[in-house]
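Here is the structure we will look at.
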Amino acid sequence: MKLPIIRQLYQTQTPENLEKTLEVLESFTEFRGTTEEDMNVAGELITNICGALEVHASVQSGMSEKDALNSFAQKVLGSIDK
């Protein structure tokens, strides 16, 4: 998870574009020939896209961009600690 990338995706892409990209990446991970390195890269991209989608949703419900980004980061870090 990289907050600067999530911020840029949030600022430059619509939720619809992010969802389409997410579908493609998820499909890519299901190919038999996908290597471990490919999976790691795709997983990182998926996490960043999901973060941008969550930030979009939080901002739409009234949260500031900064608070939405920090909230997502705390959620991810909290799940790692468990």
task: For residues that are under 16 Å from the mean Cα position of the chain (by Cα) and without any contact (Cβ under 8 Å) to a residue 12 or more places away in the chain, tally how many sit in the range 28-44.
output: 3
task: Mind listing whichever residues of the range 45-74 are touching a Phe, Trp or Tyr at 6+ places or on another chain (Cβ under 6 Å) and either of a type in the set (V, I, T) or open to solvent by 40 Å² or more (accessible area, probe 1.4 Å) (or both)?
output: E54, V55
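On the given criteria, is V24 in contact with an Asp or Glu (Cβ under 8 Å, 6 or more places away or on another chain), modelled with pLDDT of 95 or more, in a helix (DSSP H, G or I) and among the aliphatic types (A, V, I, L, M)?
Values: in contact with an Asp or Glu (Cβ under 8 Å, 6 or more places away or on another chain): no; modelled with pLDDT of 95 or more: yes; in a helix (DSSP H, G or I): yes; among the aliphatic types (A, V, I, L, M): yes.
Criteria not met by V24.
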message: Condition first: polar (S, T, N, Q) and open to solvent by 60 Å² or more (accessible area, probe 1.4 Å). Now tell me which residues in the range 15-44 satisfy that.
response: N17, T21, T35, N40
query: Would it be correct to say that L77 is surrounded by 15 or more Cβ atoms within 10 Å (Cβ to Cβ) and in a helix (DSSP H, G or I)?
result: no
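The values are calculated or read from the model by the stated rules, or taken from the named source; none is laboratory data. These numbers were taken from a predicted model, which means no experiment stands behind them. Here the Cβ is made from the backbone with ideal geometry for all residues, glycine too, and neighbour counts use every protein chain on show. All accessible areas refer to the heavy atoms of the entire protein, side chains included, with ligands and DNA or RNA removed. Shrake-Rupley method; radii C 1.70, N 1.55, O 1.52, S 1.80 Å.
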